[in-house]
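The values are calculated or read from the model by the stated rules, or taken from the named source; none is laboratory data. These numbers were taken from a predicted model, which means no experiment stands behind them. Positions of Cβ are backbone-derived with ideal geometry, glycine not excepted, and every protein chain shown enters the neighbour counts. What goes into the accessible areas is simple: the full protein's heavy atoms, side chains included, and nothing from ligands, DNA or RNA. Shrake-Rupley method; radii C 1.70, N 1.55, O 1.52, S 1.80 Å.
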Amino acid sequence: MDAPAASALHDAVLDWYDDHARDLPWRGVAATPWSVMVSEFMLQQTPVARVLPVHAAWLERWPTPADLAAESTGEAVRMWGRLGYPRRALRLHAAAVAIVERHGGAVPTWYADLLALPGVGDYTASAIASFAYGQRHVVLDTNVRRVLARAVSGVEFPAPAVTRAERDVATSLLPDAPATAATWAVATMELGALVCTARQPSCDTCPIAELCAWRAAGFPAYDGPPRRGQAWAGTDRQCRGRIMALARDQSSVSTAQVEQAWPEREQRERCLPGLVADGLLTQITPGRWSLPG
DNA sequence: AAGACGTGGGC
DNA sequence: TGCCCAAGTCT
């Protein structure tokens with residue numbers, strides 16, 4: 001994309017964001033690097049609406065990394081509630097411990113230090129550096145990837161995994177000024193979340209409809225590799241989820257309760273030790289389990 | 001590098 | 001009614 005076109009894209013998206021940005025707690029004046037970090041962990045594969053109440057409860061209870069680091073991992077898992085992927089609670093706790101040990105209790109400023117924390121990958125490190133510290137980073141999440149795939153590449157959906165070409169496009173479009181780049185990152189994410197959605201994009205209200213390559217091409221249908229959904233019924237994940245729901249809601253869980261929650265013996269006898277191995281559960285007495293103390 | 005890893009809401 | 005999707009990370 002040439003420079004004038006990129007500039008037009010920037011202006012349209014940034015102006016739109018100015019008028020339509022949601023007032024989310026991790027964006028407000030009260031937001032801290034820590035609240036941003038907590039939100040990023042919770043938002044990994046989980047919708048904003050479900051994160052909102054849990055995020056508020058976490059920040060109230062653990063206003064700083066040191067507060068969380070001083071708690072047991074089990075409490076973190078319990079407070080995680082039904083957000084899903086409870087290992088994220090474990091990793092956030094471990095990240096808080098690392099922050100206290102290696103960074104004096106302050107969320108690190110630099111991408112490389114962030115990336116070294118448990119549960120922090122390229123996206124989360126870029127997001128924290130950008131949103132919490134106003135730095136210039138390519139922030140490639142599913143929303144941004146979809147927006148760029150459509151607007152720039154003219155296809156409905158991006159490849160299953162981030163490609164070099166995709167990163168090059170995102171890099172070439174990143175505004176030079178750090179503050180503008182940071183706003184561009186949230187703004188493109190917001191556009192993907194609210195307008196350029198996966199199922200039913202609102203092209204009639206899209207600020208960049210006139211510039212969109214996918215629209216210009218007549219909205220060609222996706223023809224890439226099959227986008228695989230995840231099996232659920234009868235999987236280990238479902239079994240583990242049942243057991244964890246039990247453990248979250250009670251101080252401890254008996255073998256009988258687990259058997260009732262998941263009658264299929266072989267799978268149950270694989271998942272229970274699996275949860276213990278993952279640090280999500282501990283055996284407190286023979287035949288009795290609980291969240292880690 | 002494909003697959004594991006939770007949960008619930010919307011169409 | 002199911003199927004698809006939601007600010008990914010780790011192995």
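Would you mention how many residues in region A:110-132 are over 30 Å from A:LEU275 (Cβ atoms) and touching a His at 6+ places or on another chain (Cβ under 9 Å)?
Residues meeting the conditions: 5.
So in region A:158-177, with the set limited to residues that are within 11 Å of DNA strand C (Cβ to nearest atom) and open to solvent by 30 Å² or more (accessible area, probe 1.4 Å), which one is farthest from A:GLY224 (Cα to Cα)?
A:VAL162
Would you pick out the residues in region A:2-28 that are aliphatic (A, V, I, L, M) and over 14 Å from A:ILE208 (Cα atoms)?
The answer is A:ALA3, A:ALA21, A:LEU24.
State yes or no: is A:VAL54 within 24 Å of A:ALA247 (Cβ to Cβ) and not in a loop (DSSP other than H, G, I, E, B)?
So A:VAL54 passes the test.
Counting residues that are of a type in the set (Lys, Arg) and open to solvent by 60 Å² or more (accessible area, probe 1.4 Å), which helices (runs of 4 or more DSSP H) fully inside region A:69-126 reach at least 3?
A:87-103
Could you please let me know if A:PRO201 is more than 15 Å from DNA strand C (Cβ to nearest atom), at pLDDT 95 or above and on the phi < 0 side of the Ramachandran plot?
Spelling it out, it is not the case that A:PRO201 is more than 15 Å from DNA strand C (Cβ to nearest atom), at pLDDT 95 or above and on the phi < 0 side of the Ramachandran plot.
Would you tally the residues in region A:50-71 being closer than 22 Å to A:GLN230 by Cα and of a type outside the set (Val, Ile, Thr)?
Total satisfying the criteria: 1.
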